[in-house]
Amino acid sequence: MSMFSTGILVLTSPLHVLPLRIAPVLTSAAQVVERTLYVHLHPGLNLGTGGQVRPAYIPPVVDLCTLISCLYSNAADICAHLDVRVLLSNVRAQSAALSGNNGPFPTPQTLSHSPEVVLTDFPIQDSGQSSLVTQCLQKYAGHCYICKPCLSSVLLYPRLKEVEEDDDRRGRAAQLKPLETFSDVVVGGTFDRLHGAHKTLLNISCLMANRRFVIGVCDQELLKNKVLKELIEPYDQRVQKLQDFLNDVKPSLEYEIVPLSDPFGPSVSDPELQCIVVSEETRKGGEAVNRKRVENRLAELVLYEIQLLKDAHHADIEEEKISSSSLRTRLLGTLLKAPSVRKSCSLVHIH
């Protein structure tokens, strides 16, 4: 199987089934893609009709948050070398979707890296259907994203183990409850060496934001007590990585990335903010933000809490969660940059 630098994975399984399939799908995809793997969600997409298939809006539901967390957690465990990014341009509430007549992609979206291959979990009924499905898949990907001219396609389903699904029972229990969304959402963090836990936080925040997403990035004073602070990437580099990731994930949002010189930043002074996304360990910080907002006579923010991602590969001296501190610890003893070449000096012999 040829290896491609960048690929896009089109997931078509129902939302309640996808968490069961993520691990084998990512394992198969990692044998084809070696650098960047974009993930496009379209549950129920039928690539076997032979007709023209178009991208459609999917509503933001609670199950999507669970799936995003599950996907990044599995990616960290199975294919940590891949830069996985879940794309959300086609996720929109029904009322907003009705106002857009041209669908989620009036023109194909430009990504940071142009896909060279498109992959899917779509199940084919027999091998004779493969050619039809691959052609349909290529056209579908071209409607959504600007891809390389000679786009390849790979069907992952034949290499997937059949997952034991009690579909009826799981389908009835599927949590298709609408996700509450907000006009303006805020988060804060260091975002050093952007990893799966960061991406989960950012993706879910993008999912919940309809208009503006404010990201506070720790700088200077807030870095002094960090583990191995000398190895933290420069502020500009962290911001650039955030911008690249966010513009891929949901380009329709207005992004404001601001430096944080104190723990609060704009979260305690911006009257338009409605929600702050926190983790289990930063919830107290979110509560402190609300106390400050009350002091400033501003409305409290809705606190939306996400779970921490477990690091399956952590050493005894490292944190159990996926963290930048652990990643910096693993850099110890490695060559961070090539040494500068010094000009050789001729020796002078004195007799």
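Around the amide H of residue 83, modelled in the peptide plane, lie the amide H atoms of 36, 37, all under 5 Å away and 5 or more residues distant in sequence or on another chain. Among 269, 114, 279, 127, the order of accessible area from largest down is 127, 269, 114, 279, computed with a 1.4 Å probe on protein heavy atoms. Applying the Karplus relation 6.51 cos²θ - 1.76 cosθ + 1.60 with θ = phi - 60° to segment 30-47 yields 3J(HN,Hα) values of 5, 7, 10, 10, 10, 10, 10, 10, 7, 10, 10, 9, 8, x, x, 4, 9, 8 Hz, where x marks Gly and Pro.
Here residue 34 sits with roughly 100 square angstrom of accessible surface, probe radius 1.4 Å.
Does segment 29-136 come out rounded, prolate or oblate by the C-alpha gyration tensor, with a ≥ b ≥ c the root eigenvalues, rounded set by a/c under 1.5 and, if not, prolate when a/b is larger than b/c and oblate if not? Oblate is the answer for segment 29-136, as a/c is 1.5 or above yet b/c matches or exceeds a/b. Solvent exposure of residue 63, expressed as accessible area, is near 20 Å², computed with a probe of 1.4 Å over the protein chains only.
Looking at segment 265-309, the accessible area is 58 square angstrom per residue; that uses a 1.4 Å probe and ignores ligands, DNA and RNA.
The values are calculated or read from the model by the stated rules, or taken from the named source; none is laboratory data. Owing to the predicted nature of the structure, the values given are computational and were not obtained by experimental measurement. Side chains included, ligands, DNA and RNA excluded: accessible areas come from the protein's heavy atoms. Shrake-Rupley method; radii C 1.70, N 1.55, O 1.52, S 1.80 Å.
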